[in-house]
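S.K.: Quick one: the structure is below, and I'll ask about it shortly.
The values are calculated or read from the model by the stated rules, or taken from the named source; none is laboratory data. Given the structure is predicted, the values throughout are model-derived calculations rather than measurements. Neighbour counts run over all protein chains shown; Cβ positions are idealised from the backbone, glycine included. Protein only, heavy atoms only, side chains kept; ligands, DNA and RNA dropped before computing areas. Shrake-Rupley method; radii C 1.70, N 1.55, O 1.52, S 1.80 Å.
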Amino acid sequence: VLVLRWNQKVTTTVITIAGAALIADGIIKAQIALTLKKAAALGWKRDLIGALVFIAIGVFLMFDPFAAKKAMIIITGAALILSGIANIWLGHEMKKAETPAS
């Protein structure tokens, strides 16, 4: 009943929370990319750029949740899916960086 009554506020709140989560996740990804740089792993620049993109999307979602609400929901979903894929990729990169080559 609350969601139906305050649909606009609920949607805005969910988008804002997703933006904050993407910013936090982007910061963590940036820290991991810098750790990969210290480990001399290849691809750390790509990972850092990806982290900065997630931070930018998160900032956009947090500070402009009213602009084209439908588009924002699609962007939020796509960003969360890409973030999950990036987490799997970074986990793979971290594992490669800590495993000595045979």
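S.K.: From Leu42, Leu61, which residue is out of contact with any His (no Cβ under 8 Å at 6 or more places or on another chain) and either part of a helix (DSSP H, G or I) or at pLDDT 90 or above (or both)? Explain how you work it out, then say what you get.
M.R.: On the way: Leu42 fails: either part of a helix (DSSP H, G or I) or at pLDDT 90 or above (or both).
From the options Leu42, Leu61, the qualifying one is Leu61.
S.K.: List, please: which pairs have Cβ atoms under 6 Å, are six or more places apart or on different chains, and start with a residue in the range 88-102 that is outside any loop (DSSP other than H, G, I, E, B) and end with one that is open to solvent by less than 100 Å² (accessible area, probe 1.4 Å) and modelled with pLDDT under 85?
M.R.: Ala97/Ala39; Ala97/Ala41
S.K.: Restricting attention to the range 28-55, and to residues there that are farther than 16 Å from Met94 by Cβ and touching a residue at least 24 places away in the same chain (Cβ under 8 Å), which single residue is most open to solvent (accessible area, probe 1.4 Å)?
M.R.: Leu52
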